[in-house]
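Novice: Could you have a look at this structure, given as structure tokens, before my questions?
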Amino acid sequence: MRNRIIAAGLGIAIATSASAQSSVKTADYSFTYSYPAEAAAIPPLRAWLEADRAKQRTALARDAAEARQEARKGSFPFRAYELQKTWKLVTNTPRFLSLSGNVYSYTGGAHGNPGSFGLVWDKAAKRRVGPKAVFVSDAALQAAVGQAFCDRLNAIRTQRRGEAPGHDGPFDACPKIGELTVLLGSSNRNRINRIGLIADPYVAGPYAEGEYEVTLPVTAAVLRAVKPAYRTAFDVAR
């Protein structure tokens, strides 16, 4: 559901079927990892994703086996671990392939933990770039979008909570860019003109409120916050 909402705001539907999906289920854990055809079509990026898949599964298997042993020693029930990591297409412009990622991890507690992240493949440089790395700094992006993000966030908080956020609660303040997942989107698949901002559970609200998602247009202020080397790949939203 999250990807559909974010996609609509970023101006492109995330509807690509995964070209590569790995699903494994054992007595100790279940593991799923997938990424879209557009990412698989770029050999260096595909290699990185496959290495990440192997790394994630190895760590999951190790941790689950250790947890089972601890449960046996302590004579308490073992609950199988779970990890789901999914990459989906946000947009594919001449300069950037932009992906959104989400992960769900369960390690035997009261509930699992979701998370989000972004990834950009720079076609010109032929390398991975973190979405925040295309900006001069977190502070520069914060100055460009901070107030607009906070206004949108508080509007959504008010809807979910039935009242406006206070001033001294643990989840009343607006998170900074450094605490958020940033996604690069486009309404025309030509240049980046949308910015997606995601606050995972416990960042802008308690677990029960879920994650918060805000999509903002690229403005002149945002464009100034982009590093000069990337500015031609961006455009002010019309």
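The values are calculated or read from the model by the stated rules, or taken from the named source; none is laboratory data. Keep in mind that this is a model prediction, so the values were computed, not measured. FYI the Cβ positions are ideal-geometry reconstructions off the backbone, even for glycines, and counts take in every protein chain you see.
Novice: Does the range 101-115 contain any residue that is outside the structural domain of SER186 (by TED's automatic domain parsing), within 18 Å of the chain's Cα centre (by Cα) and not in a strand (DSSP E or B)?
Specialist: yes
Novice: Filter the range 156-182 down to the residues that are out of contact with any Phe, Trp or Tyr (no Cβ under 9 Å at 6 or more places or on another chain), of a type in the set (A, V, I, L, M) and surrounded by 12 or more Cβ atoms within 10 Å (Cβ to Cβ) and list them by number.
Specialist: Filtering the range 156-182 for residues out of contact with any Phe, Trp or Tyr (no Cβ under 9 Å at 6 or more places or on another chain) gives 158-159, 161-164, 166-170, 172-173, 176, 178-179.
Filter once more, so that each one left must be of a type in the set (A, V, I, L, M): 164, 173.
Listed by number, the list holds a single entry, ALA173.
Novice: Working carefully through the options ALA71, ALA133, ALA140, find the one that is modelled with pLDDT of 95 or more, touching a strand residue (DSSP E or B) at 6+ places or on another chain (Cβ under 9 Å) and over 21 Å from ASP200 (Cα atoms).
Specialist: Testing whether each residue is modelled with pLDDT of 95 or more, touching a strand residue (DSSP E or B) at 6+ places or on another chain (Cβ under 9 Å) and over 21 Å from ASP200 (Cα atoms) leaves just ALA140.
Novice: Restricting attention to the range 73-108, and to residues there that are touching a Ser or Thr at 6+ places or on another chain (Cβ under 9 Å) and charged (D, E, K, R), which single residue is surrounded by the fewest Cβ atoms within 10 Å (Cβ to Cβ)?
Specialist: Of everything passing the filter in the range 73-108, ARG79 is surrounded by the fewest Cβ atoms within 10 Å (Cβ to Cβ).
Novice: Given the residues GLY118, GLY112, which is the only one that is touching a residue at least 60 places away in the same chain (Cβ under 8 Å) and under 25 Å from GLU179 (Cα atoms)?
Specialist: GLY118
Novice: Still on this structure, please answer the following. Can you tell which of PRO36, PRO44 is at pLDDT 95 or above, surrounded by 20 or more Cβ atoms within 10 Å (Cβ to Cβ) and more than 30 Å from GLY205 (Cα to Cα)?
Specialist: That would be PRO36, the only listed residue that is at pLDDT 95 or above, surrounded by 20 or more Cβ atoms within 10 Å (Cβ to Cβ) and more than 30 Å from GLY205 (Cα to Cα).
Residue-wise test of (1) without any contact (Cβ under 8 Å) to a residue 60 or more places away in the chain; (2) over 28 Å from ILE192 (Cβ atoms); (3) in a helix (DSSP H, G or I).
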position: SER34; (1), (2), (3): yes, no, no
position: ALA39; (1), (2), (3): no, no, yes
position: GLU50; (1), (2), (3): yes, no, yes
position: LEU60; (1), (2), (3): yes, yes, yes
position: PHE78; (1), (2), (3): yes, yes, no
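Novice: Quick one: which residue in PRO170, PRO165, PRO206 is in the same structural domain as ALA139 (by TED's automatic domain parsing), closer than 23 Å to SER100 by Cα and not hydrophobic (A, V, I, L, M, F, W, C)?
Specialist: The unique qualifying residue is PRO206.
Novice: Going by the structure shown, is THR181 closer than 29 Å to GLY112 by Cβ and touching a residue at least 60 places away in the same chain (Cβ under 8 Å)?
Specialist: yes
Novice: Search the range 128-152 for residues being more than 16 Å from VAL226 (Cα to Cα) and under 18 Å from the mean Cα position of the chain (by Cα), and hand back the single one that is surrounded by the most Cβ atoms within 10 Å (Cβ to Cβ).
Specialist: Only one residue fits best here, namely PHE149.
Novice: Same structure again: Taking ALA155 and the conditions (1) under 17 Å from the mean Cα position of the chain (by Cα); (2) assigned to a helix (DSSP H, G or I); (3) not aromatic (Phe, Trp, Tyr), which numbered condition does it fall short on, given that it satisfies the others?
Specialist: (1)
Novice: Out of (1) buried (at least 17 other Cβ atoms within 10 Å of the Cβ); (2) under 20 Å from ASP235 (Cα atoms); (3) assigned by TED's automatic domain parsing to the domain that holds PRO36, what's the single condition that is false for ALA125?
Specialist: ALA125 satisfies all of (1) buried (at least 17 other Cβ atoms within 10 Å of the Cβ); (2) under 20 Å from ASP235 (Cα atoms); (3) assigned by TED's automatic domain parsing to the domain that holds PRO36 except (1).
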